[in-house]
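Written out below as structure tokens is the structure these notes cover.
Please treat every number below as a calculation from the coordinates, not as lab data. Small disclaimer: the values here were computed from a predicted structure and weren't measured. Here the Cβ is made from the backbone with ideal geometry for all residues, glycine too, and neighbour counts use every protein chain on show.
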Amino acid sequence: MSDNEHVPAEPGQDTPEGVGQDEQAAPQRASRGPWFILFILLVLAAGAGYWWVTVEYRAEHAALLARLDALAGADATVELQLAEQAETLAAAVAGTETVESRMRSLGQAQDDLAESVKTLFAKDAQLSLDWVLAETEYLVFAATQRLALEHDAATAASALRAADQRLRAAKHPDLIGLRDQIGQDIAALEAVAEPDVEGLALYLAGAVTDVEALPTKPIADIDTSFTHMSDEQIAPDNWRGVAKAVWSDLVSLVEVKDGAMSDGVLFDPELRYFLVQNLRLELASARLAALRRDTDNFRAAAKLVTDLLQTYYDTDDGAVKALIARLDAARDIEFDPALPSIAGSLEAVRKARTELGDVAVAGTAR
């Protein structure tokens with residue numbers, strides 16, 4: 001063992017005074033330094049905490065309290081709005097219930113009305129159908145009379161179309177066969193070639209008025225009658241007056257004719273009046289025959305008028321030509337064409353009234 005090594009003293013052995021005290025004081029000074037630093041740190045931490053609590057925390061706490069107050073005010077506003085909305089919702093619910101109640105009442109009233117209508121229809125359906133058939137029968141009967149008495153196919157077809165429209169409005173399935181029969185008769189009437197009697201009658205009426213203006217042949221305007229010659233005064237410078245004396249003696253003895261002129265040429269203008277009246281009479285006769293649908297008499301009258309025009313009137317004149325052409329075209333018209341029978345429609349509607357009436361009586365009895 002070296003001299004520098006420390007040898008612990010045995011118990012009861014005294015140590016050197018100088019060496020023992022220095023060695024005990026050194027560890028005590030070394031152990032107090034860290035604790036002092038820790039104490040300083042704790043004091044600083046406590047000061048920082050106190051400063052944060054007294055400065056920062058109070059500011060944040062005040063801001064937080066302000067936000068809480070604002071949220072409380074907003075919450076109160078929201079609660080007020082929710083209360084108002086709740087009241088509005090309650091009123092709407094009450095109104096909805098009222099409307100639903102009224103709708104249920106109206107629905108019940110509508111159901112009652114529909115049931116009443118069905119009941120009335122069930123009671124009055126046959127009566128209504130009978131009225132429809134009665135109206136149809138009247139229209140068909142009117143068409144039959146018009147066709148039989150007046151030979152008016154157009155008016156008869158119009159009456160049948162009105163009857164068909166009345167049946168169509170009824171919308172009854174049992175009326176289909178009747179409508180089919182009426183449709184066939186309508187087609188048959190529409191196929192008839194109906195002459196324009198009214199138009200021809202109006203044209204002939206205008207021709208009767210315009211007869212006076214029609215020009216006659218030039219020879220008919222020459223006044224060479226015996227009466228005119230007898231009115232001439234006898235004078236030396238009038239050769240006709242000299243010839244009149246001779247002519248007066250011979251006029252009772254002989255009959256003079258011009259072989260170059262036909263018997264139809266007028267010599268006396270006074271006869272023009274009778275020609276005009278005869279032409280008017282024949283035109284009026286043709287017009288009456290057309291209105292009466294008398295084909296034979298119309299053709300005879302038209303032929304007489306054409307002959308008069310060709311014999312005594314100027315056929316080169318436009319008005320005379322037009323009248324002759326119109327009469328020639330009208331002579332081909334058949335004023336009384338063959339008309340179909342529509343008795344099938346009348347029989348069908350009467351049969352329908354009988355059959356549907358029996359069905360209704362049988363249904364009522366059950």
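When 198, 282 are ordered from fewest to most other Cβ atoms inside 10 Å of their Cβ, what list results?
Numbers: 198 10, 282 22.
The order, fewest Cβ neighbours first, is 198, 282.
What net charge is computed for the residues neighbouring residue 345, neighbours being all others with C-beta under 11 Å from the C-beta of residue 345, Lys and Arg scored +1, Asp and Glu -1? Mind showing how you got there, number by number?
Working: positive: 179, 350, 351; negative: 137, 164, 180, 185, 347.
Summing Lys/Arg as +1 and Asp/Glu as -1 gives -2.
Would you list 335, 39 from fewest to most Cβ contacts within 10 Å?
With the sparsest Cβ surroundings first, the list reads 39, 335.
Near the amide H of residue 313, under 5 Å away, which other amide H atoms are found, from residues 5 or more places off or on another chain, if H is placed in the peptide plane?
217
Apply the Karplus curve 6.51 cos²θ - 1.76 cosθ + 1.60, θ = phi - 60°, to the phi angles in the range 190-201 and return the couplings in whole Hz, x for Gly and Pro.
5, 7, 6, 7, 7, x, 8, 5, 5, x, 5, 5
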